[in-house]
Amino acid sequence: SPAPATSSPSADGFPVTVQAANGAVTIADKPRRIVSLSATHTETLFAIGAGPQVVAVDDRSNFPPEAPKTGLSGFKPNVEAIVAQRPDLVVVSDDLEDVVAELGKLGVPVLHQPSATKLEEAYEEIEELGAATGNQAKADDVVAGMKADLERLAAEAPKDAGLTFYHELDQTPYAATSQTFIGQIYALFGLTNIADKAPDAAGGYPKLSAEFVAQADPDLIFLADVKCCGQNKDALAQRPGWKNLSAIENDHVVELDDDIASRWGPRIVQLAETIGAAVAKAEAGAS
């Protein structure tokens, strides 16, 4: 007797099974109604050509501008509101309030792809989204392009500049060490991260004292709390003991785009370009 139609892959390669944080997820047919509850994954879906399949994204998904932004939340997921979009695939980076299991009970396929902790994981997630949405070839192209761009930027960077830096996540101030995802991008440029010597560096995101930063006196300061919190060179100069920091005096305070600096999608290349330009400028000033 003929095999049931569902077991033979269709012309577009479905069904596919993707390994995600919530195990092996099988997607029967090419998704036509994707809901993304992750700003990073929204960026990736559009970059790999799955944009036309996306019907709703969460309230933090502000790029690309054409993404169908809604009041849905990845942080306080409302299962009824998600299901009302009639999704055939939901993509999340956080499994909060058991959203993965709750959607699973209703038969909705969910891909849980958490924050990447290294570049390799970021690439894998992009390729997995390509497989899950029927956009594998374009996803592979995006990853190949990212790798080539980052290799080029790293090769162009002065390796022996001996420059130190401080990356500020918020005004607490919390920093990020070389062990974190963002720290690995800085490491491409041969910079020394002052946060690596912080007392509580082990967790990757140490809280630094104003004195610690002043004493380290980094050559470069990168701010990822610009849009959220209005931080800039002048605001830093107001902090106790900071006005004479080299980075402030030499105008090596770099205002990052908070969003780009906190996501692990295709725009990490833009982040690396910003870092590379700042390193080149500081190196030119030092020589």
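The values are calculated or read from the model by the stated rules, or taken from the named source; none is laboratory data. If you're wondering where the values come from, they're calculated on a predicted model, not measured in any experiment. Glycine gets a Cβ as well: all are built from the backbone with ideal geometry, and neighbour counts include every protein chain shown. Just so you know, the surface numbers come from the protein's heavy atoms only, side chains and all, with ligands and any DNA or RNA stripped out. Shrake-Rupley method; radii C 1.70, N 1.55, O 1.52, S 1.80 Å.
Go through segment 69-99 and count every residue that is β-branched (Val, Ile, Thr) and within 18 Å of residue 20 (Cβ to Cβ).
Step one: filter segment 69-99 for residues β-branched (Val, Ile, Thr), giving 70, 79, 82-83, 90-92, 99.
Filter once more, so that each one left must be within 18 Å of residue 20 (Cβ to Cβ): 82, 90-92, 99.
Residues in segment 69-99 being β-branched (Val, Ile, Thr) and within 18 Å of residue 20 (Cβ to Cβ): 5 in total.
Only a single item in (1) part of a loop (DSSP other than H, G, I, E, B); (2) touching a residue at least 60 places away in the same chain (Cβ under 8 Å) is not met by residue 251, and it is number (2).
Among the residues of segment 255-286, write down those that are among the acidic types (Asp, Glu) and free of Cβ contacts under 8 Å to residues at least 60 places away in the same chain. The answer is 255, 257, 258. Of all the numbered requirements in (1) of a type outside the set (A, V, I, L, M, F, W, C); (2) at pLDDT below 95; (3) outside any loop (DSSP other than H, G, I, E, B), residue 240 misses one, and that requirement is (3). Residue pairs whose Cβ atoms lie under 7 Å apart, separated by 6 or more positions or on different chains, with the first residue in segment 203-220 and closer than 22 Å to residue 181 by Cβ and touching a residue at least 60 places away in the same chain (Cβ under 8 Å) and the second aliphatic (A, V, I, L, M) and not in a helix (DSSP H, G or I), are 220/163; 220/254. If you filter segment 192-209 down to residues that are closer than 27 Å to residue 157 by Cα and in a helix (DSSP H, G or I), you find that the one that is modelled with the lowest pLDDT is 201.
Going by the conditions given, is residue 157 at pLDDT 95 or above and either more than 19 Å from residue 262 (Cβ to Cβ) or not hydroxyl-bearing (Ser, Thr, Tyr) (or both)?
Working: at pLDDT 95 or above: no; either more than 19 Å from residue 262 (Cβ to Cβ) or not hydroxyl-bearing (Ser, Thr, Tyr) (or both): yes.
Taking the combined requirement at face value, the residue does not satisfy it.
Give 95, 140 a once-over and let me know the one that is more than 22 Å from residue 271 (Cα to Cα) and either crowded, with 17+ Cβ neighbours inside 10 Å or out of contact with any Lys or Arg (no Cβ under 7 Å at 6 or more places or on another chain) (or both). Result of the check over 95, 140: 95.
Exactly one residue out of 163, 153, 129 is more than 24 Å from residue 44 (Cα to Cα) and surrounded by 19 or more Cβ atoms within 10 Å (Cβ to Cβ): that is 163. Comparison of 189, 212 shows that the only residue that is among the aromatic types (Phe, Trp, Tyr), surrounded by 13 or more Cβ atoms within 10 Å (Cβ to Cβ) and part of a loop (DSSP other than H, G, I, E, B) is 189.
Among the candidates 233, 197, 243, single out the residue that is without any contact (Cβ under 8 Å) to a residue 24 or more places away in the chain and in contact with a strand residue (DSSP E or B) (Cβ under 7 Å, 6 or more places away or on another chain).
Working: 197 fails: in contact with a strand residue (DSSP E or B) (Cβ under 7 Å, 6 or more places away or on another chain); 243 fails: in contact with a strand residue (DSSP E or B) (Cβ under 7 Å, 6 or more places away or on another chain).
One residue alone meets the criteria, 233.
Please specify each residue of segment 257-267 satisfying the condition of being touching an Asp or Glu at 6+ places or on another chain (Cβ under 9 Å) and either outside any helix (DSSP H, G or I) or more than 16 Å from residue 167 (Cβ to Cβ) (or both). Selection gives 263, 264, 265, 266, 267.
Can you go through 66, 43, 120 and tell me which one is open to solvent by less than 30 Å² (accessible area, probe 1.4 Å), modelled with pLDDT of 95 or more and more than 14 Å from residue 20 (Cβ to Cβ)? I'd like the intermediate steps shown before the answer.
Details: 66 fails: open to solvent by less than 30 Å² (accessible area, probe 1.4 Å); 120 fails: open to solvent by less than 30 Å² (accessible area, probe 1.4 Å).
Criteria check complete, one pass: 43.
Does residue 131 fit the bill of being modelled with pLDDT under 95 and not hydroxyl-bearing (Ser, Thr, Tyr)? No, not satisfied.
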